[in-house]
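What follows is one structure encoded as structure tokens, with my remarks underneath.
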Amino acid sequence: MLLKPIEQSFKVNYSYSLHFTKGIFSIENTLLKEVISPSDSSKIVKVLFVVDSGLLEANSWLLKQIDAYGEAFKDSLRITDILVCPGGEAAKNDQENVEKILEGIHKNAICRHSFVVIIGGGAVIDMAGYAATIAHRGVRLIRVPTTVLAQNDAAVGVKNGINAFNKKNFIGTFAVPHAIINDIDFLDSLEQRDWIAGVSEALKVALIKDANFYKEIKERAEKLKNRDKDAMLYTIYRCAEMHMEHIAKGGDPFESGSSRPLDFGHWAAHKLEDMTAYSLRHGEAVAKGIALDLSYAYLLSYISEDTWSEVLEVMQKIGFDLSLPIFSQKDLQTLLTGIEEFREHLGGQLTITLIDRIGNKFDVHEIDLQLMEKAVNLLNEKVKIKVV
């Protein structure tokens, strides 16, 4: 007896929201309470907090304020615990951080009707988000990003992950957060390099999608460097809007294909982070990666010398160091292994995004390694660094 295959198909609609606020834990600010426990709900919802230790160093009052918020709204939510985890890429390099959060979810009986609220930079949000999405096959997640890069990029997507085998985001999940809440007050305590770093993601999306947005960043370059709050808030808002629009309307939210336009400049960025033992911020590495791929595109005559020079100048005006830490042939060859590692990360065919004009991207499926070596040296010559 021949049995025919059984086939079914179904669709699932996802929705999530990005909110902007100030003073998220002020008693007068009910946004978080309303997101966790809507006014039409009579249930008290359990909430587990995960907080970035680096954030606490700059905001020592935060834990007390979270406790006071929980007490003020105890009829709607119950804070079961507040876990503190290391900030920066160290959060993603140690599996014990994931185990700590999983244990917290277990001990506090956090279920799929409860919430995990993560407060911190992009690395902590990636790591803790991964833990939340594998516990009970996914508990509800609220992200409260506190850096520029997290507010405009890392926290507004649907990815979670940790590093393994010296590879960026080797382990991870796709999961849509319940909500993201950007509290602009957290930006005030950022170090200068963290203030600047996230702008690279805005430049990335502008270069591949929106020439007008690039022009606005160019016009605001000095203001962004000098910590003009309005200039930064606009940049964060527009960048986040474009990222979320791409996820919702780009046709591949969970990246089953090979084309990843939002990873423009990232093949080199991921490798540079690893090569520098993550002393580079992700946004700093992305800036270098974008500059390298622009140099490669220039050598292939996809973009003009004027365009190449102008974009590099804009990036330097914002405050980016675009030099590549390549001091030997060994360094150079190590960097170039990032191309194949990027293909493995994507799966399938190698797909690298380039631009042929500002605001317009296209994909290539082969990289001329000799020409990429030349691009490395050309970029370092351009920014006055000794070349190999």
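The table that follows gives values for the structure above.
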{"read-out": "Qualifying residues in segment 278-324 (those that are among the basic types (K, R) and modelled with pLDDT of 95 or more) - the one nearest to H266 (Cα to Cα)", "value": "K288"}
{"read-out": "Which listed residue, of I247, I217, is buried (at least 18 other Cβ atoms within 10 Å of the Cβ), modelled with pLDDT under 95 and β-branched (V, I, T)", "value": "I247"}
{"read-out": "Positions within segment 262-311 being surrounded by 24 or more Cβ atoms within 10 Å (Cβ to Cβ), within 26 Å of D94 (Cβ to Cβ) and of a type in the set (F, W, Y), in sequence order", "value": "W267"}
{"read-out": "Hey, S259 of a type in the set (S, T, N, Q) and modelled with pLDDT of 95 or more or not", "value": "no"}
{"read-out": "Wholly within segment 217-316, helices (runs of 4 or more DSSP H) carrying at least 2 residues that are of a type outside the set (S, T, Y), more than 24 Å from I180 (Cα to Cα) and free of Cβ contacts under 8 Å to residues at least 60 places away in the same chain", "value": "282-299"}
{"read-out": "Matching residues, segment 68-94, being touching a strand residue (DSSP E or B) at 6+ places or on another chain (Cβ under 7 Å) and farther than 20 Å from S42 by Cβ", "value": "D81, I82, L83, V84, C85, G87, A91, K92, N93"}
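Here is a yes/no grid of residues against (1) in contact (Cβ under 8 Å) with a residue 60 or more places away in the chain; (2) loosely packed, with under 14 Cβ neighbours inside 10 Å; (3) of a type in the set (D, E, K, R):
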| position | (1), (2), (3) |
| --- | --- |
| P325 | no, no, no |
| D331 | no, no, yes |
| G338 | yes, no, no |
| E341 | yes, no, yes |
| D363 | yes, no, yes |
| L378 | yes, no, no |
| V383 | yes, no, no |
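The values are calculated or read from the model by the stated rules, or taken from the named source; none is laboratory data. What you see is a predicted model, and the numbers here were worked out from it, not measured in a lab. Ideal geometry is used to build each Cβ from the backbone, glycine not excepted, and the neighbour counts take in all protein chains shown.
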